Amino acid sequence: AATTTGRGYFLNAGDTLRQGLEAAVGYENSKWSAYASYAYIDATFESSIVLPAPNTPDAPLCPGAPVGGATCNFVTPGDNMPGIPQHRFKAGFNYWLTPQWQFGADLVALSGQRFFGDEANTQKLLPGYTRVDLHTSYDVNEHIQLYGLVKNLFDQHYGLYGTFFDTEESADAATAAGYQPFEDPRSITPAAPITAYGGLRMKF
């Protein structure tokens, strides 16, 4: 991020490291199938670097900046990279109710992740989440299939992405619209609520 909101540039971040493990298991027979997988990803900065942090709460002043001037993130080796959950778990099953009709469910669970702008790891995490999806399909014949999906069955409210914004810059707009100025600089992209849809697949 640059000191001007909405602007940015690329910066070499020294050494980084991604390490972890992944394990998966699956089973299938003529009637049903199931799977489960787990991944641990430890993505870290491995160099000491200074990054602009214009909107990060309580960020210290950049080197040489006057009081009230630009603020920075002082990243040290071992700090986690933003936007990467350390733990991911997935599991699901499919069951053939008839030779043509299939039903299944999937569970996805992710741990929390760092907000973009919190490269120094000084802020609370964007919370993780658990989501359950359902799916079904019916083969009318070898060329036509009807299907249905339900995403986020239990209507969980969670964020997919998080960063920080300038509360002072938005204060005038909020006041003009009749709202109290924002005090919390967190900006979170919300996940879709419970969603259901269906369709028709054709193959030739």
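The values are calculated or read from the model by the stated rules, or taken from the named source; none is laboratory data. All of these numbers come straight from a predicted model, not from anything done at the bench. With ideal geometry, Cβ positions are generated from the backbone for all residues, glycine too; neighbour counts draw on all protein chains shown. Accessible surface is based on the protein model in full, side chains and every heavy atom, while ligands, DNA and RNA are left aside. Shrake-Rupley method; radii C 1.70, N 1.55, O 1.52, S 1.80 Å.
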Looking at Trp96 and the list (1) within 21 Å of Pro185 (Cα to Cα); (2) surrounded by fewer than 16 Cβ atoms within 10 Å (Cβ to Cβ); (3) at pLDDT 95 or above, which single condition is not satisfied?
(1)
What strands (runs of 3 or more DSSP E), lying completely within the stretch 100-181, carry at least 2 residues that are farther than 16 Å from Asn55 by Cβ and open to solvent by 40 Å² or more (accessible area, probe 1.4 Å)?
101-110, 129-139, 144-151
State whether one or more residues within the stretch 80-92 are within 27 Å of Pro185 (Cβ to Cβ) and open to solvent by 70 Å² or more (accessible area, probe 1.4 Å).
yes
Just checking, does the stretch 52-72 include any residue being open to solvent by 70 Å² or more (accessible area, probe 1.4 Å), of a type outside the set (A, V, I, L, M) and touching an Asp or Glu at 6+ places or on another chain (Cβ under 8 Å)?
no
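When you scan the stretch 1-8, do you find a residue that is in contact with a strand residue (DSSP E or B) (Cβ under 7 Å, 6 or more places away or on another chain), open to solvent by 60 Å² or more (accessible area, probe 1.4 Å) and part of a strand (DSSP E or B), even just one?
If we filter the stretch 1-8 for residues that are in contact with a strand residue (DSSP E or B) (Cβ under 7 Å, 6 or more places away or on another chain), which is where we start, we get 1-3.
Add one more test, that the residue is open to solvent by 60 Å² or more (accessible area, probe 1.4 Å), and what stays is 1, 3.
Filter once more, keeping what is part of a strand (DSSP E or B): none.
No; the residues of the stretch 1-8 include none that is in contact with a strand residue (DSSP E or B) (Cβ under 7 Å, 6 or more places away or on another chain), open to solvent by 60 Å² or more (accessible area, probe 1.4 Å) and part of a strand (DSSP E or B).
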With the requirement that a residue be over 24 Å from Ala2 (Cβ atoms), open to solvent by 40 Å² or more (accessible area, probe 1.4 Å) and either in contact with a His (Cβ under 8 Å, 6 or more places away or on another chain) or not charged (D, E, K, R) (or both), what does the stretch 30-51 give you?
Ser30, Trp32, Tyr35, Tyr38, Tyr40, Ile41
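Wholly within the stretch 12-90, which strands (runs of 3 or more DSSP E) include no fewer than the required count, namely at least 2 residues that are at pLDDT 95 or above?
Numbers: elements: 16-28, 32-45, 49-52, 72-75.
Strands (runs of 3 or more DSSP E) meeting the threshold: 16-28, 32-45, 72-75.
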